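The structure appears right after this line, and notes come after that.
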Amino acid sequence: MNTEQQKKNKIMSILMKTEVSMVAIIAIIFIAASLGTQNFLTAYNLTNILKQCAIIGIISIAETYVIITAGIDISCGAIVGMSTLIVAMSQAKWGLSVPVSLLLGILVAIISGVFNAALVYEFRVPAFVATLGSQTILRGLIKVISNGGTVAGINKSFAGFASASVGFIPNLAIVWFVIAVICFLILKYTIFGRNLFVLGSGEEVAKLNGISIRKTIYSTYAFAGLLYGIAGILLCARINSAIPTAGEAYETNAIAASVLGGASLAGGCGSVFGTVLGTILIILIDNVGTQFGIGAFVMQVITGCVIVIAIVVDQLKKRGKR
Amino acid sequence: MNTEQQKKNKIMSILMKTEVSMVAIIAIIFIAASLGTQNFLTAYNLTNILKQCAIIGIISIAETYVIITAGIDISCGAIVGMSTLIVAMSQAKWGLSVPVSLLLGILVAIISGVFNAALVYEFRVPAFVATLGSQTILRGLIKVISNGGTVAGINKSFAGFASASVGFIPNLAIVWFVIAVICFLILKYTIFGRNLFVLGSGEEVAKLNGISIRKTIYSTYAFAGLLYGIAGILLCARINSAIPTAGEAYETNAIAASVLGGASLAGGCGSVFGTVLGTILIILIDNVGTQFGIGAFVMQVITGCVIVIAIVVDQLKKRGKR
Amino acid sequence: MEQEVLLKIENVVKTYPGVQALKGITTTIKKGEVRALVGENGAGKSTLIKCIMGVESPTEGKVEINVDGTWKSPKNAIEAKDYGMHANYQNVNIAKNLSIAENYFLGRVPLKGKFVDWNTMYTESQKVIDKFQLNVNPRDTIVSLPVAMQAMITISKISVNDNIRLVIFDEPTALLENDKVETLFKYIRELKESGVSVIYVSHRLEEIMEICDSVTIMKDGSYVETKDIKEVDKDYLISKMVGRSMVDIYNIERQKPGKELLRVEHLSGDKFTDVSFTLREGEILGFFGLVGAGRSEVMRAIFGVDKIHSGKIFVKGEEVSINSPKQAILKGIGFLTEDRRKDGLALQQSVKLNTNMYSYDMISKNGIINLKKETDRAEEYRKKVAVKTPSVNQIVNNLSGGNQQKVVIAKLLCRNPDILIFDEPTVGVDVGAKDEIFKIIEKLTAQGKGVIIVSSYLPEAMGLSDRMIVMSEGHVAGSLDSQELRSLQEEDVLRLASTVNFD
Amino acid sequence: EETPDSLDIVWVTCSTESEFWQYQQIGMENAVKDMAEKYGIEINFTTVGPATEAETEAYIRAFENAVASKPNAIISATQVPDSTIAVSKEAMDQGIVVNFTNCGLEPMDSDEYSDCYNQFYTTVSADIGDMAGKVMLELMEKAGIEAKGTVAMEFSNVNPALQPRMDNFKAYLEANSELTVLDTLYNNNDLNQGQADIENEIATYGDDLVGIYGANNTSGDAISLAVENAGIKDKVITIGVDSDPTEIAALEAGTIDCIIVQDAYGQGYAALENAVETIMEGANPETEQKVAMAPVAVTTDNMHEDEYAAMLDPTLRKAE
Ligand SMILES: Nc1ncnc2c1ncn2[C@@H]1O[C@H](COP(=O)(O)OP(=O)(O)OP(=O)(O)O)[C@@H](O)[C@H]1O
Ligand SMILES: Nc1ncnc2c1ncn2[C@@H]1O[C@H](COP(=O)(O)OP(=O)(O)OP(=O)(O)O)[C@@H](O)[C@H]1O
Ligand SMILES: [Mg+2]
Ligand SMILES: [Mg+2]
C-alpha cells in the first residue's frame, strides 16, 4: 500500500467516526438557529447553553464509562439526587461547613456506586436490574431522609458558584470541561481506561488476559459514583436547594448522550468526546426549539426525530443499509 | 449415566430455573401477607391483584419477546398510551363504533411497532435509541393530538368490560391469561418463536442459517405492537378515558418483569411464564405494602430491595458467588 | 465420462474498506468433485466462500450453481439452502443458548401442521449424533460443550439436510483430533459418492492430499492455479502458496534442558486427576490427547482460571498458590487459550489494543500507558508474526482467522513470560506462518524459556516436542522422552491416548 | 351503630414527591391528632401513592389496594377523575368514607357523581388562573412596567385537570392587555429543566419578556432562579402558584413577586376532620358536598403577616 492510499484510508477512517456526524448535525442546527432566529447567537444564550450542558454532561460521561464495560447505569439520576440531598441537608439542616457537605455528597455517591458494583460483581445481578433496584431504593431513601420536602437554605456563596462565570464561560461548564478532559485522558492513557474496553469485549476475555474483573467493575462504578457526586453538588448549587425529584429521569438523557456519541450498549465502544457532543445536541435542540418559538408538544416530536436522525445518519454512513 | 442419576439431573435442572426462585419468593410474600394482615386473603383483594397485573403483564410479555431477540423496547408505554388515546378519540370525538375504535387502536400500535422495526432493521439504529426516539415522538404526538387534555366520554359498556369479572376472575386477567398461553405456545411451538432465540444468539448465526433477520425483526416488533395495542385498549377501558400520561414509565416495569422472569438483556433467553411471575411479584409488593400499612417512602425502598434480592437469590442458586 | 459442472465462479472481486480481499477469482467445480482451497492466511479463502454462499455480495463478478439444469446465483443464505448449498464456516457459528437439536435444525425446523415438531427434532438429531458417534444429548445446550464438540456439531449439522448439492468446509479439522477427522472424511466420501461437490479449506496439506480430487491455490486474493491432486505434492503447494520452499518445519534447534521452571505434583481438578510433570528451561513439552482428555483443563488450572482440588504447583522451585490469571502472569506464566474468539481476543477492539492488553503494565508507569511504546510494540509484533492487516488500528474481528491467531500469539510474546503455555497455537495458521511461529519458539527456548504445547494435531505435537505427555480421560496415560518420541509411530501414540480405565 | 375505638385512614396521594401534597398531608396529620383527642380514639394514618403525578395507573392501583385493605376512610386527590370514579364508588359501596381534597371527581357545578364520594374540599383551578392574571397586571402597573410584550408560562407536566390555571391566566391577560402569552413549557418537576426553560426564554425574548407565570411551586422555583441569575428581577413580574421553601425565599428576595396560594393545609385538615366526623357522627356534617376555598395572593409585602406566613409554609403549623 502506498502512502497516498494510506493517507486516504486515514482520512476515510476519521470521517467514519461518529463524532464527525455529530459535529455536522450540531453545526447544521447551530447555523440554522443563528440565521433563523434573532437571539440565538448572543453571548447570553451561548453561555446559557453551556451552563445547561454541564450537569447532564458530567453524568453522561460517567454513564459512558459504565456502558463501555457493557454495563448500564439506571441509577445515575437517583445517585445525583441523593448527593444533592446530602449536600443540602448538611448545609441547611445539619449545620456542617460547605467543604464537609461536599465531601459527604461525594462520599454517598461513591458508596452508591460501590453498592451497584457489589451487586453486579459479587452477586452477578445484571447491571440493568442492579441499578434499577438501587435507583428505586435511593429514591425511597431520599424521600425518607427529606421527608418528601424541599430542603432550602443552601449556603449563598456556594449557590453563587453555579451562576457565576469566568468571562463568557460559566463555572459549571468549566467543571464539565475539566472533567471531560480528565476522563478523556484516563480512557486514552491509563490501564484502567483500556481495561474498560477489554471488559466490555467480554468477561472471559478480561479474565484470561489477567485483568481483574473485580477491580475493574468496582473502579468503574465507584468512579461513576464520584462523577455523579460532583454532578449532584453542582445541581444543588444550581437549583439552590434539594428537591426529592432532583435528577429524576436523567438516566434517559445520559444514556442517549452516550449512544449518540458512539457508545454501544453491547459494550466495548464509546468516547468522551462523542458523549460531550451528544450532550450538546440534546441541550441544543431544546434551546433552539424555544428560540424558534415551537410549542412544547411539537418540540417533543421534533426532539425524538432529531435523535433518531442523528443515529440514522451515522449508521448509514458507516455501513449503508442492510 | 444410570437412570437414577438422570432423574436427579433432571430435577436439579428444573430447580435451577429462574421460575422456581420466582415462585418461591412470591409464595413467601403471599404467605407472610396472608398470616400478617387481615384483608390480604380476601376474594376482593385477590381479584384486585389479578386485575392490576393484567395490563402490565401483557406489556411485559411483549417486552420479553423483544428482549429475547437481544433488543429492548423503551417505547412500550408510549405505544400503549397512543393506542389508548386513539381508542378514546375514536369513541368520544370521532363518533366511531367500539369495534372500529379497537381496530384503530391496535392498528396504530402495530404501525408504531413496524416503525421501530424499520429503524432497527433498515437503519441499524440500536434498539435502545430507536425506541427511545419513537417514545419521545409518540409522547409528543399524543399531546399534539389530544391537545394535552383528557379524552373522556368512553362507551359505557366498553369501559364496563374492564371492571367486570367472570366469577372471581376479572375480565382483564382472563385476557392476560389467554395472551400468556398463546405467547407461550408461539415461543415454543412456532418457527417465529424459535427464530427469536436464534436472532438473540447473534445476527451472524441467524443470517448464516438462512433465517430472515428482516422478517424476524419486523414480526417481533409488530407482534409486540399488537400486544401493546391490546394493552392500550384495556387501559382505556380501565381508566375510562385517555390521558396524555397514560402508560408513562411502564417500560421500567415491563423490563423489570422480563428480567425477573429470567430474560437476559444480552438476548437469547427469556420465558413467558417467568415474565408472568415477574409481573405478579412487582404488583404483589405494592399490594402487600398497603396491606401492611407501610408508608409510600419506605415502601419504595422495600420494592427496590425485593427486586434486587429476587435476582440475587436466582443468581446465587445458579452460579454461586464469583 | 466428463462430469457435469456444478459451480461456476466468474471473476469474483470483493473489496472491504481498505482491503481488497478478492482480486478476481475464476474457476469451476464439477459434480461430485472434492476441491481443496489453499492459500496463506488472509489469501481470501473464507471471503470467497462467503461470496459463493451469497452471504457476502461480491463487488464484481458472479457465482452460479447448476440447479437441475438452470443456473442460479444465491443472494442470501436462504436461497443458498434452497439450491442445496451448505457451508461450515470458519468461526464456529452456532446459537449458543439453544440445544444441539435446535442447532441442527436452524432455519429448517420440522413442523407438524403449523407447529414445531419437537419429537421429530429430537429423534432425527439423535440419529445424526449416532451417525457421527458424538456421545451427546440432543437436549444439551451448546454453551455446555467444549469448542471441539461445537465444531463437530456444526459439521454434523449439514447431514440433517436433504437435497444437498454443495458442501463447503472452512478449516473443519482445526480443532478436531484424529478419529473425528476420520469421521469427517468418511462423511465427505459419502457425499462425493452421492454426487455432492465439496469445497475443502485447510492448512493441513496432508489432509488435502488424502481427501481432495483437485486443488485451487490462492495468493493475496488472486487466483494462482487449479491442479489435479495427482499432479501436485505438499512441497509444490507450499512453494506456490508461500513463494518459497520449506523443508521440515518442525526441524528446530533443540536446547539442553536447564533449571526447572515449573513442576506440577499430583494435581487434580474437576476434569483431571493426579497429573504430574516438570518443565525445564529451554524445553518444549508437548501435551497430546483426544478431545476431552483434559489437557486444557490442566493448563487452565495452572493458570488460575479453574479451581484445583489437590496437588501442588512449583514455579522455579518455589511452591505457589495461584488463584487468578493475573497472579499467574505475575509469576511469569503466559497462557494462550484455545478458543481465541471466546477468551483470547477483544474482538471489537483494535489489533493494537489486543497485542498489548496482556502486558500494559510493562509499558506504563503508575497506570499511565506510554502510547508510543504501545504503537511501537504493536508494529513490531505485527512484523514479527506477520499479521496481515491494513493497520494496527484495524478491528481484530475483521482479520482472517489465521491472522487473528497470530495476534493472540503476538499478545503472549509481548508479555515475554518465562513459561509459555500454548493451547492449540497453530489453529488455522498457514504453513508459512507456522514456520515463523516455530522459529519464534526456537528463539524462546534458546533464551532459556520453557514452552508447553497442547496440540491435537499429532504430527505437530510429535514433531515439535522435546518430551511429550499423553493424556486420556483426565489422567496422564504416558510420558514420552525425546528418544521414545523419535522412535514411536503415530499409531502407538494414538493408542496411548485412547487408553481407558484408570481406576 | 356502635362507634369504633380505632380508625384506619389511608391518604392516597397522587404524588409522594410534591411539596403541595406534603402540605396537604400536614393538615391531615394535625387533624389526626385533634380528632383522636376529640373522640378519644386511636387513628392509624398511612400514606400510599406513586412518586409522580404522571403515573396515573399506579395511582389507581394504590387506590384499589387501599380499598382492598378495608380502611374506615380514604382521603385522596385525583389527577384522573374519570378513572377514579369506579374505584371510589366501589369504596363507598363497601362503607369506606371517601373524601377528596383539591382534585376531586367532578367540577363544582356538577352532581353527576355525588354518590361516589362523601366530601370534597378544593380550590378552583380557574380561580387561580384568573387571580394570577389579575395580579400580574396589578403588579406591572405598580412596578411601572408597561403591559405590552411577552409573558411566558411554565408548568410541571400536562395535566388536564389543572389546565384552567394556564388557560384562564392567558385569557385574562389577552382580554385585559396587549400582552402576548407564550405556550406553556413543561419541566416534569425537574427544577434544572425548568430553569433551563426559563433561561432559554429569557435568551429568546430578551427585554420583550415582561412577565413569567409558573403554575406550580417547582415552576415558581425555576423562574426565581433563572430570573435571579439573569439579574432581571426588576424588569419582569414573576408569579408562582403554591409554595415551598425555595419559593418563599425567592418571594422574600423579590425574584418572585407573588405566589398564588391554595390553602393546602386547610384542605387537608378539613378533608380528614370531615371523614372522622362522618364516621363518628354517622352522617356527613357539611351541608354542601363541594366546598371551594378561595386562593390567596401572597406578595413580598404581605408575606410576613401571620395568616399569610402560615399559608405559605404550613410546616409552621405542624403539631409536635
Ligand atoms: N469484514 C471485513 N472487513 C475488512 N476486512 C476484511 C473483512 N473480512 C475479511 N477481511 C480481510 O480480507 C482478507 C481475506 O480474509 P479471509 O478471511 O478471506 O482470509 P482466509 O484466506 O480465509 O485466511 P485464513 O486462512 O487466515 O482463514 C484479509 O486480509 C482480511 O483481513
Ligand atoms: N464428546 C464430548 N461430549 C461431551 N463433553 C465432552 C466431550 N469431549 C469433551 N467434553 C468435555 O470437555 C472436558 C475437557 O475438554 P477439553 O477441551 O479441556 O479437553 P482437551 O484435552 O483440552 O481437549 P482439546 O483441547 O483437544 O479440546 C471433558 O472432561 C468433558 O467434560
Ligand atoms: Mg479463513
Ligand atoms: Mg482443549
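Pairs meeting the criteria (first residue in the stretch C:340-360 and in a loop (DSSP other than H, G, I, E, B), second residue among the hydroxyl-bearing types (Ser, Thr, Tyr), beta carbons under 8 Å, at least 6 apart or on different chains) are C:Leu345/A:Ser201; C:Ala346/A:Ser201; C:Leu347/A:Ser201; C:Gln348/A:Ser201; C:Gln349/A:Ser201. Checking each residue of the stretch A:96-119 against the condition of being facing another protein chain (nearest Cβ under 9 Å) and under 30 Å from D:Val48 (Cα atoms) gives at least one match. Looking at the stretch C:444-461, which of the residues that are assigned to a helix (DSSP H, G or I), at pLDDT 90 or above and not hydroxyl-bearing (Ser, Thr, Tyr) is surrounded by the fewest Cβ atoms within 10 Å (Cβ to Cβ)? The selected residue is C:Ala446. Go through the stretch B:140-164 and report how many residues are more than 8 Å from every other protein chain (Cβ to nearest Cβ), open to solvent by less than 20 Å² (accessible area, probe 1.4 Å) and part of a loop (DSSP other than H, G, I, E, B). Residues in the stretch B:140-164 being more than 8 Å from every other protein chain (Cβ to nearest Cβ), open to solvent by less than 20 Å² (accessible area, probe 1.4 Å) and part of a loop (DSSP other than H, G, I, E, B): 0 in total. Screening the candidates A:Thr131, A:Thr136 for the property of being assigned to a helix (DSSP H, G or I) and either facing chain B (nearest Cβ under 7 Å) or open to solvent by 40 Å² or more (accessible area, probe 1.4 Å) (or both) yields one hit, A:Thr136.
Within the stretch A:1-37, the set of residues being within 30 Å of A:Leu235 (Cα to Cα), within 12 Å of another protein chain (Cβ to nearest Cβ) and either out of contact with any helix residue (DSSP H, G or I) (no Cβ under 6 Å at 6 or more places or on another chain) or not hydroxyl-bearing (Ser, Thr, Tyr) (or both) comprises A:Ala33 only. Taking C:Asp248, is it modelled with pLDDT under 95, of a type in the set (Asp, Glu), outside the structural domain of C:Gly450 (by TED's automatic domain parsing) and more than 30 Å from C:Ser197 (Cβ to Cβ)? The answer is yes for C:Asp248. Only residues that are closer than 24 Å to C:Glu40 by Cα, hydrophobic (A, V, I, L, M, F, W, C) and touching a strand residue (DSSP E or B) at 6+ places or on another chain (Cβ under 7 Å) were counted across the stretch C:179-203, and they come to 4. Restricting attention to the stretch C:234-244, does a residue exist that is at pLDDT below 90, under 21 Å from the mean Cα position of the chain (by Cα) and either outside any helix (DSSP H, G or I) or within 16 Å of ligand 4 (Cβ to nearest atom) (or both)? No, the stretch C:234-244 has no match at all.
When we screen B:Gly289, B:Gly274, B:Gly278, B:Gly304 for residues that are facing chain A (nearest Cβ under 8 Å), open to solvent by less than 10 Å² (accessible area, probe 1.4 Å) and part of a helix (DSSP H, G or I), the only hit is B:Gly304.
Does A:Val175 meet the test of being open to solvent by less than 40 Å² (accessible area, probe 1.4 Å) and more than 7 Å from every other protein chain (Cβ to nearest Cβ)? Answer is yes for this residue. Of all residues in the stretch A:30-53, those satisfying the criterion of being hydrophobic (A, V, I, L, M, F, W, C) and either outside any helix (DSSP H, G or I) or without any contact (Cβ under 8 Å) to a residue 24 or more places away in the chain (or both) are A:Ile31, A:Leu35, A:Phe40, A:Leu41.
Of C:Asn137, C:Asn119, all but one fail to be open to solvent by 40 Å² or more (accessible area, probe 1.4 Å), within 13 Å of ligand 2 (Cβ to nearest atom), within 14 Å of chain B (Cβ to nearest Cβ) and more than 23 Å from the chain's Cα centre (by Cα); the exception is C:Asn137.
Okay, residues lined up against (1) free of Cβ contacts under 8 Å to residues at least 60 places away in the same chain; (2) farther than 21 Å from A:Ala231 by Cβ; (3) not basic (Lys, Arg):
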residue	(1), (2), (3)
A:Ile79	no, no, yes
A:Ile110	no, no, yes
A:Val129	yes, yes, yes
A:Lys143	no, no, no
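The C-beta contact set for the stretch C:34-47 (first residue within 14 Å of another protein chain (Cβ to nearest Cβ), second residue within 9 Å of ligand 3 (Cβ to nearest atom) and assigned to a strand (DSSP E or B), distance under 7 angstrom, 6+ apart or interchain) comprises C:Ser46/C:Asp170.
Taken over the stretch C:183-215, residues that are within 16 Å of ligand 1 (Cβ to nearest atom) and over 17 Å from C:Gly32 (Cβ atoms) amount to 7. In the condition set (1) touching a strand residue (DSSP E or B) at 6+ places or on another chain (Cβ under 8 Å); (2) crowded, with 22+ Cβ neighbours inside 10 Å, C:Val224 is compliant with all but (2).
Among the residues of the stretch C:308-339, what is the count of those that are of a type in the set (A, V, I, L, M), touching a residue at least 24 places away in the same chain (Cβ under 8 Å) and away from ligand 4 (no atom under 16 Å from the Cβ)?
Here the count works out to 6.
One residue stands out among those in the stretch C:154-175 that are of a type in the set (Val, Ile, Thr) and more than 15 Å from the chain's Cα centre (by Cα): the one that is farthest from ligand 3 (Cβ to nearest atom), which is C:Val160. Being under 30 Å from C:Lys112 (Cβ atoms), within 16 Å of ligand 4 (Cβ to nearest atom), out of contact with any Leu (no Cβ under 7 Å at 6 or more places or on another chain) and not hydrophobic (A, V, I, L, M, F, W, C) is a property that C:Gln133 lacks. For the residues C:Asp376, C:Asp481, the requirement of being free of Cβ contacts under 8 Å to residues at least 40 places away in the same chain and not assigned by TED's automatic domain parsing to the domain that holds C:Leu261 singles out C:Asp376.
When you go through C:Leu237, C:Leu175 one by one, which is the residue that is within 16 Å of ligand 1 (Cβ to nearest atom), farther than 27 Å from C:Val12 by Cα and away from every other protein chain (no Cβ under 14 Å)?
So the residue among C:Leu237, C:Leu175 that is within 16 Å of ligand 1 (Cβ to nearest atom), farther than 27 Å from C:Val12 by Cα and away from every other protein chain (no Cβ under 14 Å) is C:Leu175.
Considered as a group, the residues in the stretch A:150-170 that are in contact with a Lys or Arg (Cβ under 9 Å, 6 or more places away or on another chain) and more than 17 Å from D:Ala226 (Cα to Cα) include one that is modelled with the lowest pLDDT, and that residue is A:Gly153. Among residues of the stretch C:49-70 that are within 13 Å of another protein chain (Cβ to nearest Cβ) and farther than 25 Å from C:Glu171 by Cα, none has a beta-carbon under 7 Å from a residue that is of a type outside the set (Gly, Ala, Ser) and surrounded by fewer than 21 Cβ atoms within 10 Å (Cβ to Cβ) at least six positions away or on a different chain. Checked against the criterion of being among the charged types (D, E, K, R), away from ligand 3 (no atom under 16 Å from the Cβ), assigned to a loop (DSSP other than H, G, I, E, B) and touching a residue at least 12 places away in the same chain (Cβ under 8 Å), the stretch C:197-211 has no qualifying residue.
The residue that is nearest to ligand 1 (Cβ to nearest atom), among those in the stretch C:389-437 that are polar (S, T, N, Q) and in a helix (DSSP H, G or I), is C:Asn398.
The values are calculated or read from the model by the stated rules, or taken from the named source; none is laboratory data. The structure presented is a predicted model; accordingly, all values stated were derived computationally and were not measured. Quick reminder, even Gly has a Cβ in these numbers, built from the backbone with ideal geometry, and neighbours come from all protein chains shown. The area values use the complete protein model at the heavy-atom level, side chains included, leaving out ligands, DNA and RNA. Shrake-Rupley method; radii C 1.70, N 1.55, O 1.52, S 1.80 Å.
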